[in-house]
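Everything on this sheet refers to the single structure shown next.
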Amino acid sequence: MLEIRDLTIRFGGLTAIDGLSLKVDEWEIVGLMGPNGAGKTTAFNCITGFYKPTRGHVLYHGRDVTRVPPHRKAAMGIGRTFQNVGMVKSETALENLLTAQHTKAGYAALHGIVGSGVARTREKDLVAHAEAILDLLGLSDIRDRRIGGLPYGTLKLLELGCALATDPELLLLDEPSSGMGPEESDELGDRLLALRRELGVTMLLIEHHVPLVTAVCDYVYVLNFGKLLAEGDAEHVRNHPEVVAAYLGTEAVAG
């Protein structure tokens, strides 16, 4: 479904990503790991069109989409969450999910202004879709709560819901377990597996929480200083000496 070939991006004299190649097959959950500053979010920004790479290609279903802008990639079925939650804090959970569905409203602005029957019917469908997502993620109890005061882990889960509201085929998740405790992370892993099973969503996720990666990922890539350091199944990667050294430092490993 997704293939990255020789992806490179430079900012002035800094090479943030250097010759990265990876692939995500349909139905897979693939992990992208690496220490802070390794280039993981930069890779996501290149994949989703926020950055234009210096060299290399992004292929989606075999089509070169390297230069396609983010809004068109979203319409093609590529959904994404962000490292820092990007929702409207003054609105309710339901209102944020409705906002996420704006491209699928299915009626003209004039219909919405005059409150036509077409608009009212479609709005009911959008609300029902949003409520189904809240139920799927175990968030129905915050339906009408303004999200500004919610715990960060809950906000990350709701942001996942906003990405799902766009009906993606491919979902890119940037540190989805950030702000969650161990039990919440375990529950998130169960939900991700359920999403693949029930909705057929393919996923690429940036994640530091190794137990979550081990539980859900079919394959894992590890970046360090913008270069691919290791790849393989989760058990192989977590025990790879260079990966351990990258996370803990060579001196810590030696000691």
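The values are calculated or read from the model by the stated rules, or taken from the named source; none is laboratory data. Here the structure is a predicted model, which means the values were calculated and not measured. For neighbour counting, all protein chains shown are included, and Cβ atoms are generated from backbone atoms with ideal geometry for every residue, glycine included.
Evaluating Y219 against the criteria (1) under 23 Å from G39 (Cα atoms); (2) out of contact with any helix residue (DSSP H, G or I) (no Cβ under 6 Å at 6 or more places or on another chain); (3) free of Cβ contacts under 8 Å to residues at least 24 places away in the same chain leaves one unmet condition, (3). Restricting the first member to segment 78-92 and to residues that are farther than 15 Å from I206 by Cβ, and the second to residues that are charged (D, E, K, R) and buried (at least 21 other Cβ atoms within 10 Å of the Cβ), the beta-carbon pairs closer than 7 Å and six or more apart or on different chains are M87/E159. In segment 173-187, which residues are in contact (Cβ under 8 Å) with a residue 12 or more places away in the chain and surrounded by fewer than 23 Cβ atoms within 10 Å (Cβ to Cβ)? Selection gives D174, E175, S178, G179, M180, G181, P182, E184, S185, D186, E187. Remark: D167 matches the filter, which requires a residue to be surrounded by fewer than 22 Cβ atoms within 10 Å (Cβ to Cβ), in contact (Cβ under 8 Å) with a residue 12 or more places away in the chain and in a loop (DSSP other than H, G, I, E, B). In segment 132-147, the residue that is surrounded by the most Cβ atoms within 10 Å (Cβ to Cβ) out of those that are in a helix (DSSP H, G or I) and within 21 Å of the chain's Cα centre (by Cα) is I133. Against the definition (assigned to a helix (DSSP H, G or I), out of contact with any strand residue (DSSP E or B) (no Cβ under 9 Å at 6 or more places or on another chain), under 14 Å from L94 (Cα atoms) and free of Cβ contacts under 8 Å to residues at least 12 places away in the same chain), how does D190 come out, yes or no? In short, no. Against the test of being of a type in the set (D, E) and within 21 Å of I78 (Cβ to Cβ), the options D174, D190 yield a single qualifying residue, D174. The lone criterion from (1) closer than 30 Å to M180 by Cβ; (2) surrounded by 14 or more Cβ atoms within 10 Å (Cβ to Cβ); (3) modelled with pLDDT of 90 or more; (4) of a type outside the set (S, T, N, Q) left unmet by M87 is number (3). Number of residues in segment 1-34 that are surrounded by fewer than 20 Cβ atoms within 10 Å (Cβ to Cβ) and over 18 Å from the mean Cα position of the chain (by Cα): the value is 12.
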